[in-house]
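For reference, the structure discussed in these notes is given below.
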Protein chains: 2
Amino acid sequence: MNLTIDREVLIDSLNTISRGLPTKSPMPILLGIKLYATDKDLFLTSSNSDISVEVRINDPSLVIEEFGQVVVPGRFFIDIIRKLNSKKVNLYLNEDNVLFIKVDRGEYRLRIMDPLDYPKIDFVSQENPFVISSNTLKNIIRETLFATCQSEKKPILTGVNFNLTDGKLTITATDSFRLAQKVVNIEDYENFNITVPAKSLDDLFKAIDTCNDDLKIYISNNKMLVVFKNVCFQTRLLEGNYPDTSRLIPDYFPIVIKFNKDELQEVVERISLLSPRDKEKDKEITYSIIKLSLKKDRIIEVSTTNASIGDGTEQVIPTDIEANGPITIGFSSRYLIEALRSFTSTEVTLNILGDIRPFIIRGDNEPNLTQLILPVRIDN
Amino acid sequence: MNLTIDREVLIDSLNTISRGLPTKSPMPILLGIKLYATDKDLFLTSSNSDISVEVRINDPSLVIEEFGQVVVPGRFFIDIIRKLNSKKVNLYLNEDNVLFIKVDRGEYRLRIMDPLDYPKIDFVSQENPFVISSNTLKNIIRETLFATCQSEKKPILTGVNFNLTDGKLTITATDSFRLAQKVVNIEDYENFNITVPAKSLDDLFKAIDTCNDDLKIYISNNKMLVVFKNVCFQTRLLEGNYPDTSRLIPDYFPIVIKFNKDELQEVVERISLLSPRDKEKDKEITYSIIKLSLKKDRIIEVSTTNASIGDGTEQVIPTDIEANGPITIGFSSRYLIEALRSFTSTEVTLNILGDIRPFIIRGDNEPNLTQLILPVRIDN
């Protein structure tokens, strides 16, 4: 292999590829990046237990003098290419299996791994992709991903469910204490029901961060392939049936309170500073229980009590209110803050059925997004 | 206690005070901030095993209706005051020993600690301070602090030594593998020789970050007090004799090589990406051994070899060179990078005596700053 390429072009592709590069792996070969130069294209591949990423470079700056393939130590290769200050980079594999990275006044010589040891990636091959704009998918991920379960106890809940039924795509994430759900209309595509690992969606989100094009999505039995620009991004799917959440969301609410979103969020963030912190059993996530009370005089009070430090109360003035009678609900402030952050609407409504029934949050301009939170029992 | 104050004024003072607030302490009272309102001033105090900080507020916005003193939970108090969105804050201590923080539409009620349990801070009392500009002291800290010893094995080396002898203030830091030394002329002050804990200097650096005034420094047997604006910042001093380093710095160098500082630094940073990492025994600091070679044709080569990954070589063109014969020295790239960062000069010289003798770095515009590094033995 012997090729020359603009360093900036190579860095762009390495940034995308780096999403699939594990920091450690039981298979040392996966700590490498596979470079494969044909007579006109350079392919870069990375892979871990969840995702595989392949980028095809056929930039005008790419000059391939000799084709070939190598697997290079991934992190070292990326770090060196990023730090170099030359415009062009020459990659040359000599007969002793040493890859030379040559620049203006220096060279780096990397020991390579055998490309024949690199696992063959089976990318989903299908004719008919499902097409979605990258901005729509980025919004979906932003609106739901945070609600997935962090614990491996219920593996299926560590993913986000995508269910297409008769033209309606319902995206759901839940950790069984709260739920995020978005609905998007999709024309002319056959029904599917898949659950994508949260980590893969997080990596995909970063990989499509600067992409504004449409994405082509191919779905097989246990894999999903996302194709955009010159990139193939494939993830495994989670096995098992995602729970039916369709009857969890109530459709009648006697109490509907409308807030300015930022104002409610700031008050909840302040009050939760004082609230006692409980740790989830198997994760280092703390959550704080706060109370929201609708008083008789239609005043809303957010409050908390911390036995060792003290307590706090703030009032929030709702912008509108429909209610019969006072009510107090207690819940994790983190759940409400994360739910509120998922909305871009200026105004949101809290829709409440009862003090121990799930309540839901909706945004004025986002009719297709629902955030649900299960209250906890509290002493009033 | 009952007082009102502009929140921004209180936050400024709390930011300064927070330097002295420990995150944990065997004395729970020290996790609190002491507030002491006289009839016209509000004093805030924090203290840990190394430093004590006191701020006196007598801002026009301060209205004290009732004097008194309390100790409030430090982190909670700071977090709440920072997050509030009102212009003014009212602090009110009721008869049940609860401190009320009252704002426009809410209130926080903090359980307080007994101010009589708070240790009395003995600030150094002296007539005649030693005066230094805050910018000079900030430079001194930036130029030397990084070279202090991270390990507690030689406690005296975990501090920076300030030695004033006959009008010449010599500031030294060393971990016995490298040394940073700065000389500043001081008129009319009696000789002293003190060693200040590195952590205290780091806190002081942050506390005087936005200060451009002169600092008044008072030194006692085992304490140093720095007074600026409305702040008293006091640190303990390290006990023991600082080693005499005056004969460590050679004064004759057969090899003097001048570099553009940024160019040398970038090459060293790149080459060190590949170099093997050794861990210091009791700290998680990695350092990388690289080589710098003066070749017969007056070319300078920076190189490294990593048995498992590969090797790298880059040339740096010196801007000037005085030398007889080739030489190769090996050293920690981190030591050279940190030493180079301490200079503001565009050009620096490496002054070399021999391949296993200490070499020193000087900046063209900084005649009073010396960085010394001890090479390691290498196989050429």
query: So is B:SER272 modelled with pLDDT under 95, under 26 Å from A:PHE76 (Cα atoms) and in a strand (DSSP E or B) or not?
result: no
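Let's see how each residue does on (1) modelled with pLDDT under 95; (2) among the β-branched types (Val, Ile, Thr):
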| site | (1), (2) |
| --- | --- |
| A:SER52 | no, no |
| A:VAL70 | no, yes |
| A:LYS102 | yes, no |
| A:GLY106 | yes, no |
| A:PRO129 | yes, no |
| A:ASN135 | no, no |
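The rows are residues; the columns are (1) over 34 Å from the mean Cα position of the chain (by Cα); (2) in contact (Cβ under 8 Å) with a residue 24 or more places away in the chain.
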| residue | (1), (2) |
| --- | --- |
| B:THR38 | no, yes |
| B:ASP41 | no, no |
| B:THR45 | no, yes |
| B:VAL72 | no, yes |
| B:PHE77 | no, yes |
| B:SER86 | yes, yes |
field: Yes/no for A:SER288 being surrounded by fewer than 17 Cβ atoms within 10 Å (Cβ to Cβ), small (Gly, Ala, Ser), within 14 Å of chain B (Cβ to nearest Cβ) and over 20 Å from B:ARG105 (Cα atoms)
entry: no
- prompt: For A:ASP379, all conditions in the list (1) in contact with a strand residue (DSSP E or B) (Cβ under 8 Å, 6 or more places away or on another chain); (2) surrounded by fewer than 21 Cβ atoms within 10 Å (Cβ to Cβ); (3) at pLDDT below 95 hold save one; what is the number of the exception?
  reply: (1)
statement: (1) more than 14 Å from every other protein chain (Cβ to nearest Cβ); (2) within 21 Å of A:ILE140 (Cβ to Cβ) all hold for A:ILE337 apart from (1)
query: What strands (runs of 3 or more DSSP E) completely inside the stretch B:333-380 contain at least 1 residues that are touching a residue at least 12 places away in the same chain (Cβ under 8 Å), farther than 20 Å from B:LEU294 by Cβ and touching a helix residue (DSSP H, G or I) at 6+ places or on another chain (Cβ under 9 Å)?
result: B:359-363, B:366-373
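A quick yes/no check of all residues on (1) farther than 21 Å from A:SER47 by Cα; (2) not assigned by TED's automatic domain parsing to the domain that holds A:VAL302:
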residue: A:ILE171; (1), (2): yes, yes
residue: A:SER176; (1), (2): yes, yes
residue: A:LYS182; (1), (2): yes, yes
residue: A:ASN185; (1), (2): yes, yes
residue: A:VAL196; (1), (2): no, yes
residue: A:THR210; (1), (2): yes, yes
residue: A:VAL231; (1), (2): no, yes
residue: A:ILE249; (1), (2): yes, yes
residue: A:GLU263; (1), (2): yes, no
task: Could you tell me whether any residue of the stretch B:83-98 is among the acidic types (Asp, Glu) and surrounded by 14 or more Cβ atoms within 10 Å (Cβ to Cβ)?
output: no
query: away from chain A (no Cβ under 14 Å) and in contact (Cβ under 8 Å) with a residue 60 or more places away in the chain: does that describe B:ASN135?
result: yes
- line: Picking from B:LEU21, B:LEU31, the residue that is out of contact with any Phe, Trp or Tyr (no Cβ under 9 Å at 6 or more places or on another chain) and closer than 19 Å to B:ARG109 by Cα would be B:LEU31
field: Selection status of B:GLN150, touching a residue at least 24 places away in the same chain (Cβ under 8 Å), more than 30 Å from B:SER345 (Cβ to Cβ) and assigned to a loop (DSSP other than H, G, I, E, B)
entry: no
- prompt: Looking only at residues in the stretch B:2-33 that are buried (at least 16 other Cβ atoms within 10 Å of the Cβ) and of a type in the set (S, T, N, Q), which one is farthest from B:ASP59 (Cα to Cα)?
  reply: B:SER18
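The values are calculated or read from the model by the stated rules, or taken from the named source; none is laboratory data. Computed from a predicted structure; not experimentally measured. Here Cβ is always computed from backbone atoms with ideal geometry, including for glycine, and neighbour counts include all displayed protein chains.
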